[in-house]
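Working notes for the structure below.
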Amino acid sequence: MSDERQPAAILAGDERRAFSRRAVLLGLGQALGFGVLGARLYQIQVLDAGRYSLLADDNRLNVIPLAPTRGRILDRFGVALATNDETLRVSIVPALAGNMDLALERLSQIVPVPADERARVVARAKRQPANLPILVASDLTWDQIATINLMAPELPGIETETFSRRVYHHSKIVGHVIGHVGAVERFAMGDDPALRIPGVRIGRAGVERGMEQTLRGQSGIVRREVDARGRIVRNIARTEPLQGSDIATTIDVDMQGWLVERLSRERRAAAVAIDVIGGEIVAMASSPGYDPALNTPQPPPPPPEPLRGRRRNRSLRTGQRVEVAKPDALFNRATSGLYPPGSTFKIVTALAALEAGVIDLRERIDCQGTFTLADKSYRCWNRGGHGRCDLHRAMRESCDVYFYEVARRMGIEALASMGRRLGLGQTYQAGIAPLSPGVIPTPTWKRGKIGRPWLGGETILTGIGQGYVLTSPLQLAVMTARAATGNAVVPTLVRPELDKARPQFARLGVNDRNLQAVQRALRAVVNEGGGTGARASMSDLGIEVAGKTGTSQVSRRSANRYQTSLRWEERDHALFVGYFPANAPRYAVAAVVEHGGGGGAVAAPLARELMAELVQRDPMRKPAISVSPPAPRPSPEASGGGSPDRDGKGHKA
Amino acid sequence: MNSGVFYRPPPSVIDKLGELNLLLLIALCALTGLGLAALYSVAGGSWSPWAERHALRFVIGLAMLIVVAVVPLRFWLQLAYPAYAVALIALLLVPFVGSEALGARRWLPLGPLTIQPSEMMKVALVMALAKYFHSLSANRISHPLWLLVPVAMIAVPMALILKQPDLGTAMMVGMLGSSMLLMAGVHLLYFAGGLASLFIGIPLAVPFLHDYQRRRIEVFLDPASDPLGAGYHITQSKIAMGSGGVTGKGFLSGTQGQLDFLPEKHTDFIFTTIAEEWGFVGSMAVLILIGVLLAILLGMALGTASRAGRLMICGTMVSIFLYAAINVGMVSGALPVVGIPLPFVSYGGTAMLTLMFSLGLSMCAWVHRNDPLAPDPVSLS
């Protein structure tokens, strides 16, 4: 009982005795715990040792997971895009092989193994645990396998197996969409046991990654007895793996081939075409293209260059920029390339302003070429000014001042909220990964990301799709599809099953009058005199197109100069989004040409070509299933509609 | 309060080095040596990839231990609450910025490293509880109101870890905390009450367990029900241990480990390899060595004057005991599979550094064992 004034921590005799008592208690508790464990070990290692020895030594029961065959990926009409190829391969287990050089020497009498390859295997054996097999050669013939198995006693540690390998078809065309598979990076208890199998692959990008769970299937098990050297004595039981499901994508290979070929003429560009009714992505391409069949070892999907070039360009002012090489090609600009949407964002601004009620359709705003807020002036692209514009004319002629003013009136939150409603600033369950969410800036976002308060001028810039806003071409296509239909269209790369109805999208909940006003304005952009999107018109085909051009500024210098006098990376991005037929929308498209210059001059004609192709290749004109459905286990030659050698050639109609 | 104590010059670093508990260091080296041999063996008789890095980590950890030990104990006590706060904030951040793996968020990215805040918490909790009880007068220790603070200090991180979800670590934190309360002198009736409510509470908690946790418990009760999944580990582990028999199959000759039957054989299941290659003799040697380590720590606690010092040593001891007991229990099928390494034997950097730091704190308490450490004049009240 220590006195209040006495420092508590100086050991009073009582406390020390109490501590000692409890220390003994704790010590005894721990001893008891270890005693129980000791008893448990005694039971396993002494009493039951005989039983476990039998299991372990004489005939060891070995439970091995069997990898399921990965599902195939097909195009819209059943053309195989990704299949599997069985290959026979031989590997060596250093722990069982004894003398590695000798074993490889003997093996190479059956399967030629070049000297440097043998050196690689021997070097590898020194770096890794001796009981892990090392791949020596693949693509063996049945004869070679038979000989190896016949000679097995003289080839200790040599193992043969069949292995399923991913094969891509039309890969130059669909490379970015299908993506690729790669090695499993980390796995642990609780994971799918199939992932522990050496050499097993999982989807790393594209549909392969987005639909991984469906494609992978379920692993099987084989229980077998192996002898003391690890060789298989007999299989006891076998549960077959469940093959992964095939995925029919929404891509039309012919259409896609045309688009890839067309985009390859641009240095860097991306385009997306989606069916607005079901959200199906019919074609989606990115230039430069990428071919997963080239089997790049560890392709990191790098955000290659900041696409909002401003900052980058400044720092690059000194040096000549060199053409960015391969890693750039791995980058799917259509899903991950982020661009300031420029004037295409005016669709969002217009709809948001009408919904917020800050403007009505008749009100005119006078554009004298500049807009002033807090002593700063913001230019309209048309220096001379547009004069007095209502919404219809402002959209048609892409008057910046009009949209600066309405953005100021409604404020950033209303604008950002409409941006998200139209599908920007988010990712979708589209069966493809990774997708970039892009940026729809808000004051909260800016505080979190940059740590500074929101400025009024930033709302103004956001109103014309500059500033912090970033969107991917896929998102722009979704935005267009939503504006065209008033439905919350969600894009997908997975074709709905034939007997099932297409998804019914929810309505956006936007007032119909407002939506129709915006749609009328978008038709005017393409079809009325003075419209910036005239070059997207398909009136010659008898189809009315609606759309919006965008020219997003990348460098400050571009404002005062002719585009052709600028270096390529300082030129503006050219954008066009559109849909058709305007009165009953069927397809929405988005096209972005990086540093292409004016949207109306560069992106609109590109989009027109794309839309004309879409008209020509509409699946309504084709049978829904290819004439000869692929066999259940196709060899690559026999599969689908075409052979890989078609890839390189043009697909122009 | 120093008026009655005669003046002594503060000890120099050299003096303090002389005060290090050599027995503890020897036991530690012996245990790590066993681990190195086992890692050498599971790599198929090779220093790379595991044994050499394990040795390197041990040397770094040992240096850290000694540095921690010669710093004044008062410094570590001052650091206790800030350390606890940092660990708690890190735990709170995990759901938002943590990296997700295998359905749980447990890791925080920190530059090039990823840290596991629950590991930090194990050390910080020991420090904070030691500090708290140190600044409490003896008659308040069992007072219900004053007890509320340490109970919250244990329960809050437990709840956060449980949410990650990581049942094993949460329970470990709970047991660690309650044994610290026991050693601090909290009245035994509280523990009786706590145990009683546990027995009533567990059946009620089962419906709230995550699927994978319930699955693990099911598999623990019947390993054969999932021979390829979680049960696979237990079955293979028991076969390996049992087939080792009394004297084992000999160094580098364990067929089960060598032939890759064992999962995680270099980390959580390293004990299995020892048991297989060196038999019952080897596995008992490991248990006894750890037991010796624990006994040394208990002796150190008994010889330390300050309440804070004693509690820190006890906390470290209980940590090591829990790691070891849970790990051995797990690989021998006596406990469900939870990912907890065998201290100083399993390959793995985080656990090694955490434990070395804890041991450093205990060694520090021992080095300053004669310093009664008057509590801060400003108490919590």
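Figures for the structure shown
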| item | result |
| --- | --- |
| Cut-off 19 Å (backbone N to label point 7 Å along Cα→Cβ of A:ARG364), residues of region A:395-409 | A:395-406 |
| B:PHE357 accessible area, 1.4 Å probe, all protein chains in place, Å² to nearest 10 | 50 |
| Whole-Hz ³J(HN,Hα) from phi, Karplus 6.51 cos²θ - 1.76 cosθ + 1.60, for region A:433-439, glycine and proline x | 8, x, 10, 8, x, x, 9 |
| Residue mean of other protein chain beta carbons inside 10 Å, B:233-239 | 4 |
| Carbon and sulfur %, accessible surface of region A:86-165 computed with the full protein complex present, 1.4 Å | 54 |
| Amide N of region B:6-48 lying under 12 Å from the label point, which is placed 7 angstrom from the Cα of B:PHE251 along Cα→Cβ | B:34-41, B:45-46 |
| Net dipole in debye of region A:86-165 [+1 Lys, Arg Cβ; -1 Asp, Glu Cβ; about Cα centre; nearest 20] | 360 |
| Low-density loop positions, chymotrypsin sites (Phe, Trp or Tyr not before Pro), region A:370-444 - DSSP coil, at most 12 other Cβ in 10 Å | none |
| FRET E, pair A:LEU28, A:SER377, Förster distance 60 Å, beta-carbon r, rounded to 0.05 | 0.10 |
| For B:312-324, mean number of other protein chain Cβ atoms within 10 Å | 2 |
| Per residue solvent-accessible surface (Å²) - region A:86-165, probe of 1.4 Å | 53 |
| Protection proxy ranking of B:305-317, B:277-289, B:42-54 - average other beta-carbon atoms within 10 Å, highest first | B:305-317, B:277-289, B:42-54 |
| Calculated from backbone phi, Karplus (6.51, -1.76, 1.60) coupling profile of region B:194-204 in Hz, x at Gly/Pro | x, 4, 4, 5, 4, 4, 6, x, 4, x, 6 |
| With every protein chain in place, region B:19-367: carbon and sulfur % of accessible area (1.4 Å) | 75 |
| Amide proton proximity set for A:ARG586, modelled H, under 5 Å, gap of 5+ | A:PHE580 |
| Exposure ranking of A:ILE277, A:ILE148 by accessible area [1.4 Å probe, largest first] | A:ILE277, A:ILE148 |
| Highest-first arrangement of B:84-92, B:333-341, where packing means the average Cβ count within 10 Å | B:333-341, B:84-92 |
| R0 of 45 Å, Cβ-Cβ distance A:ARG267-B:ILE89: FRET efficiency to nearest 0.05 | 0.40 |
| Chain lengthening between B:VAL292 and B:LEU23 when straightened (0.36 nm per residue, less Cα-Cα) | 95.9 nm |
| Test item: B:363-373 mean partner chain Cβ contacts at 10 Å | 1 |
| Ellipsoid equivalent to region B:19-367 - semi-axes via the Cα gyration tensor, in Å | 32, 25, 19 |
| Accessible surface buried upon A-B contact (total; probe 1.4 Å; Å², nearest 100) | 5500 |
| Sparse-neighbour loop sites [trypsin sites (Lys or Arg not before Pro); region A:341-411; at most 16 other C-beta within 10 Å; DSSP] | A:ARG362, A:ARG364, A:ARG383 |
| Estimated vicinal HN-Hα couplings, Hz - region A:274-279 in sequence order (Karplus 6.51, -1.76, 1.60; Gly, Pro = x) | 10, 7, 6, 7, x, x |
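The values are calculated or read from the model by the stated rules, or taken from the named source; none is laboratory data. All values reported here derive from a predicted model rather than from experimental measurement. Note that each Cβ is placed from the backbone with ideal geometry, even for glycine, and that neighbours are counted across all protein chains shown. Surface areas here come from the heavy atoms of the whole protein model, side chains and all, with no ligands, DNA or RNA. Shrake-Rupley method; radii C 1.70, N 1.55, O 1.52, S 1.80 Å.
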